[in-house]
Amino acid sequence: DYGFELLSDQQIDMQQVFDNDLFSAEYLMDDLQKSLNATEMARRKFRDIAVIAGMVFTGFPNKMIKTKHLQSNSQLLFSVFRDYEPDNLLFQQAFRETFEHQLEEGRLRLAMERISEQKLVWKQCEKPTPFAFPII
C-alpha cells in the first residue's frame, strides 16, 4: 500500500496545493534530489562503479583489500568529482543508477503521470477512514 501524508503546524489550503500541480512529473528529478539525501545514496553506489571502472584497487587474489579501505578510497574520488568535475561520466552514472535502481524513478514518473490525469477528489474527514489504516 502506498499513501501520502502531509503534516504541518499551519492550516493548508488543499485546493491551492492541487492547483499548483502537486502530482506533476515535470520537476520530479529536481524534487527527488532536494527531498532525499541523493548525494549519500550516490556516494555508496559510486564504490561499485569505481571498482568496475578500475579506479579503486581491490587487491590481489587471496589478498583482498578491506572494505573499509575501498569505501574511503571511493569516497575520496567521489568528493573530488563532486567538487571539481561534476560532469564526469562515472560521477553522473552513480546518480543515474541511484535514481533508476534504488528509487525506481521510471515507475514513480509513470505513477505521477497517471495520477495527474485522474480526477482528484478532496474530502475533509473528522476521523480516519478505512483507507487511512495502512498509513496509520
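The values are calculated or read from the model by the stated rules, or taken from the named source; none is laboratory data. None of the values given here were measured: they were computed from a predicted structure. Heads up, the Cβs are rebuilt from the backbone with ideal geometry, glycines too, and the neighbour counts pull from every protein chain shown. We work out accessible area using only protein heavy atoms, side chains counted, and drop any ligands, DNA or RNA first. Shrake-Rupley method; radii C 1.70, N 1.55, O 1.52, S 1.80 Å.
Could you pull out which residues in the range 37-51 have an amide N less than 15 Å from a spot 7 Å beyond the Cα of residue 87, following the Cα-Cβ vector?
none
From the residues 95, 35, 70, which one has its Cα farthest along the dipole of the range 31-99 in the positive direction, the dipole being from +1 and -1 charges on Cβ of Lys/Arg and Asp/Glu about the Cα centre?
Checked the options; the winner is 70.
Work out how far the C-alpha atoms of the chain reach from end to end along every principal axis, then list the three figures in whole Å, largest first.
Dimensions of the chain along the principal axes of its Cα atoms: 64, 31, 29 Å.
For residue 66, go through the aspartates and glutamates and keep the ones whose alpha-carbon is under 19 Å away, minus same-chain ones fewer than eight residues off.
Counting by Cα, and skipping residues close in sequence, residue 66 has these aspartates and glutamates nearby: 48.
Find the all-direction average of the projected area of the Cα convex hull for the range 90-136, expressing the result in square nanometres with one decimal place.
Convex hull of Cα atoms, orientation-averaged projection: 5.2 nm².
Given Cα pairs under 8 Å that are at least 6 residues apart, what percent is the relative contact order of the range 46-109?
So the answer I get is 32 percent.
Mind checking which lysines have their C-alpha under 27 Å from residue 63, skipping anything on the same chain fewer than 8 residues away?
Answer for residue 63, where 27 Å is the Cα cut-off: 45, listed by chain and number.
Please give the length that would be gained between residue 28 and residue 13 if that part of the chain were fully extended, namely 0.36 nm times their separation in residues minus their C-alpha to C-alpha distance (nm, one decimal). Please report the intermediate quantities before stating the final value.
Values: separation 15, 0.36 × 15 = 5.40 nm, distance 2.23 nm.
The span from residue 28 to residue 13 would gain 3.2 nm if fully extended.
Can you work out the accessible area per residue across the range 20-133, with the rest of the protein chains kept in place, probe 1.4 Å, in square angstrom?
76 Å²
Rounded to the nearest 500 deg cm²/dmol, what is the calculated helix-only ellipticity per residue at 222 nm for the chain, with -39500 (n - 2.57) per DSSP H run of length n ≥ 4? Could the numbers behind the result be given before it?
Values: 6 runs with 70 residues, N = 136.
Per the formula, -16000 deg cm²/dmol.
Relative contact order for the chain: what percent, with Cα pairs under 8 Å and sequence separation of 6 or more?
It comes to 36 percent, rounded to a whole number.
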